[in-house]
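Trainee: Before I ask anything, here is the structure I am working with.
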Amino acid sequence: MKRALFPGTFDPFTNGHLDIVEKGLDIFDEIIIAIGTNALKKTMFDLETRKKWIRDCFPNNPRVTIVDYQGLTINYCADNNIGFILRGLRTSNDFEYEKQIAFVNSDLAPTIQSVFVLSGQKYGAVSSTVIRDLIRHHGDFSKYVPKAVTIDLERS
Ligand code: ADP
């Protein structure tokens, strides 16, 4: 069974992320969406909220699992017998950045393969960073996030 980890911060989960998971499901039997946590990294939305949104995006889909983890992504994969790391690419900058990480990962953990999926054209400009900016400045972000991502503007 081919299982892929889709790691990220997902602060918040966007239509771009959803697109990559859906494409990943055409390739892999199971996608494990893994929220990387780091005590030093401040996020706009807490872990439980981010998890709930992602869970609500895939109701009753046994092929999608949501977890959180700390530390190196390759260690999480090795400990949980996951053979692939799925990442999305929007731009050549994404590619250069991801390539560096993938080279180091494959050096340290040669049995784990990184797989890159191109973002759908209409999601190429969608990022969690832009959405957080829209939220902060009361812009309309709704078309960039799945319906399940019900952001309470009063609380953010
Ligand atoms: P990170 O903090 O690791 O960058 P993100 O939550 O920003 O985590 O992104 C997780 C993954 O989703 C990364 O592989 C990133 O390239 C990909 N991604 C983010 N936004 C998009 C998008 N609009 N289209 C395709 N892939 C995307």
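The values are calculated or read from the model by the stated rules, or taken from the named source; none is laboratory data. This structure is a prediction, so every number in the text was calculated from the model and none was measured. Ideal geometry is used to build each Cβ from the backbone, glycine not excepted, and the neighbour counts take in all protein chains shown. SASA here: full protein model, heavy atoms, side chains in, ligands and nucleic acids out. Shrake-Rupley method; radii C 1.70, N 1.55, O 1.52, S 1.80 Å.
Trainee: Could you check, for the range 77-94, whether at least one of its residues is over 30 Å from LYS147 (Cβ atoms) and within 13 Å of the ligand (Cβ to nearest atom)?
Mentor: Within the range 77-94 (the criterion being over 30 Å from LYS147 (Cβ atoms) and within 13 Å of the ligand (Cβ to nearest atom)), the answer is yes, since at least one residue qualifies.
Trainee: Regarding the range 2-9, can at least one residue be identified that is open to solvent by 10 Å² or more (accessible area, probe 1.4 Å) and more than 9 Å from the ligand (Cβ to nearest atom)?
Mentor: Yes: one or more hits.
Trainee: Determine whether the range 14-25 contains at least one residue that is assigned to a loop (DSSP other than H, G, I, E, B), buried (at least 20 other Cβ atoms within 10 Å of the Cβ) and within 8 Å of the ligand (Cβ to nearest atom). It would help to see each step written out before you state the result.
Mentor: Step one: of the range 14-25, the residues assigned to a loop (DSSP other than H, G, I, E, B) are 14.
In the following step, the residues that additionally are buried (at least 20 other Cβ atoms within 10 Å of the Cβ) were identified as 14.
Next, only the ones that are within 8 Å of the ligand (Cβ to nearest atom) stay: 14.
The answer is yes, given that some residue of the range 14-25 is assigned to a loop (DSSP other than H, G, I, E, B), buried (at least 20 other Cβ atoms within 10 Å of the Cβ) and within 8 Å of the ligand (Cβ to nearest atom).
Trainee: State which residue is nearest to PRO59 (Cα to Cα) when the search covers only the range 7-49 and only residues that are among the hydroxyl-bearing types (Ser, Thr, Tyr) and without any contact (Cβ under 8 Å) to a residue 40 or more places away in the chain. Write out each step before concluding.
Mentor: Residues of the range 7-49 that are among the hydroxyl-bearing types (Ser, Thr, Tyr), as a first pass: 9, 14, 37, 43, 49.
Subsequent filtering for residues that are without any contact (Cβ under 8 Å) to a residue 40 or more places away in the chain retains 37, 43, 49.
On the way: THR37: 23, THR43: 25, THR49: 16 Å.
Only one residue fits best here, namely THR49.
Trainee: In the range 76-104, what residues are in contact with a helix residue (DSSP H, G or I) (Cβ under 6 Å, 6 or more places away or on another chain) and surrounded by fewer than 19 Cβ atoms within 10 Å (Cβ to Cβ)?
Mentor: Correct list: LEU89 only.
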